[in-house]
Amino acid sequence: MVFVLVVVAPLGFVPSRRCACGGQGSGLGALGRYSPTSGLALRGCHEKRSVVGGGHQRAVRSAPATNFGPVPRGKPIRSTDRPKTGQPCGVPRVLVIDNYDSFVYNLVQYLGELGAEPIVVRNDALSVADAVALRPDAVLLSPGPGRPEDAGILCEAIPAFAGVVPVFGVCLGHQAIGHVYGADVVRAPELMHGKTSMVEHDGLGVFAGLTSPLEATRYHSLVIDPATLPACLEVTARTRDGIIMGVRHRELAVEGVQFHPESILTAGGHDLLRNFLGGIRV
């Protein structure tokens, strides 16, 4: 007689995994609210796994650049418009679009320490309309593997929120800003994974009050091509060999950095995120 033992995982459990840039995945569900006191995210729904299956990441063919066209602008979101969350009045709610990065919860930890209420959603777990319905005070576009146009709602979310609430992109999120507004995202001259560079910046926006140059940690193989940068974007930071490390929209509160402010080896990362939160109106 043969006995078979069946182990059933708890409802909502999502196995952790590694992303392309290395490091262990978060293993968290598709929608979670982060508690800075506990360091845990509370799962709100099951995760969709559109590009991951069988424990291995499947290759995804790059899609051609998309023309998103004009997007209707809503009125700026006020704290009185938001759903009740139990947070004190005046606490900014930051929608974090998680692009399956190993270190997204380091960014979430920083936001919580700085007094924000992060709401984390996976980039393929909901529609742009669903994301807008959450009515955040700001949006953070996380790092992640792959190309911007393959990252769920990432690119569509930028024009949906731009001009309504501040938008800040990190690494892949930064590249998505360039892609959406017309720049080419190309292979970097040198792979930079866990390496630091000295970055010179303009001292404005998220760089306000930070020393220049600052030491920044880089994990990327793609960059925004400066030759294709559209007129609506300005370069805010570069490495000493001319690689774009930051861009900012000239008219909208949309800004991105190629490096990782959440890395312990990045100087002033906490202050950079504080500057981002300082531009939020609640």
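Results, tabulated for the structure shown:
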item: Residue ID - surrounded by the fewest Cβ atoms within 10 Å (Cβ to Cβ), chosen from residues in segment 197-247 that are assigned to a loop (DSSP other than H, G, I, E, B) and hydrophobic (A, V, I, L, M, F, W, C); result: A231
item: Output for segment 135-157, where each listed residue is assigned to a loop (DSSP other than H, G, I, E, B) and either of a type in the set (V, I, T) or without any contact (Cβ under 8 Å) to a residue 40 or more places away in the chain (or both); result: I153
item: Scope segment 86-115; condition of a type in the set (A, V, I, L, M, F, W, C), modelled with pLDDT under 95 and surrounded by fewer than 21 Cβ atoms within 10 Å (Cβ to Cβ); matching residues; result: C89, V91
item: Top-ranked residue of segment 97-122 - restricted to ones that are touching a Lys or Arg at 6+ places or on another chain (Cβ under 8 Å) and not in a strand (DSSP E or B), ranked as nearest to P148 (Cα to Cα); result: Y100
item: Index of the failed condition, G194 passing every other in (1) part of a helix (DSSP H, G or I); (2) at pLDDT below 95; result: (1)
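The values are calculated or read from the model by the stated rules, or taken from the named source; none is laboratory data. Everything numeric here is computed off the predicted structure, so don't read it as measured data. All Cβ positions, even for glycine, are placed from backbone atoms using ideal geometry, and neighbour counts span all protein chains on display.
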